[in-house]
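Derivation of every value follows stated rules applied to the coordinates shown; laboratory data play no part. In this text, all values refer to a predicted model and were calculated from it rather than measured experimentally.
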Amino acid sequence: MRRFFLSLTYLIFLSISAILLGLVFYSPLPALTASLTSPEIQFAILLSLATSVISTIICVAIAIPVAYALVRYQFFGKRIATLALTIPLTLPPLVAGIALLLFFGTTPWGKALEQAGFAVIFTPLGIIVAEVFVNIPYMIRILRSAFSTINPRGTNMWQRRSGARTAVHFSRSPCRWHDTVSLPARSSRGQKQWVSSGQY
């Protein structure tokens, strides 16, 4: 069984590597160099890098508190919110793009944003919005899985072991406890899921 699993793993790895290498080396090296040095390609690369960094920062800032709330708190409409945040995972990118195009291009909300100077359609802002819409459900799902593995009772034990002064200090600032205890624990337990998702 172990040999079969390893053979299948190597087969998939070599197949994907061959496909990617074929894509890279399809064009001759001079043509590839000329393409990479052209102003249009360089602009596209820089635009992609800039929008990816900005959208990732936005996703992190939103996904961490949302995932924490979904795991730790009970509130009205929690199941509906969880379902709504899961539906985008099943949508093909084309459908998600059409949905965003219709929302920001035909609805009063989209027209109001455009009149206010925040045009979304066919702008860098639209690229960022699309990337956030596609990527944030994955990030919320991964963070939910990571936060769910952290036992809430561990916070009380940690406070008791740290002494009364430290417990009072962190009880006054939940964000300090979140940054000091929850996020390092999430990082150690959810790092593999975070990296393997390939969405960021």
Work out from phi, with θ = phi - 60° and the Karplus expression 6.51 cos²θ - 1.76 cosθ + 1.60, the ³J(HN,Hα) of each residue of segment 39-53, listed in order in whole Hz, and give x for Gly and Pro. x, 5, 5, 5, 5, 5, 5, 5, 5, 5, 5, 5, 5, 5, 5
Starting at the first residue of segment 133-139, write each ³J(HN,Hα) from the Karplus equation 6.51 cos²θ - 1.76 cosθ + 1.60 with θ = phi - 60°, in whole Hz, x for Gly and Pro. 4, 7, 8, 5, x, 5, 5
Under the Karplus curve 6.51 cos²θ - 1.76 cosθ + 1.60, θ = phi - 60°, whole-Hz ³J(HN,Hα) for segment 15-29, x wherever Gly or Pro sits: 5, 5, 4, 5, 5, 5, 5, x, 5, 6, 9, 5, 8, x, 4
In whole Å, what is the distance between the alpha-carbon centres of segment 1-24 and segment 82-98? 29
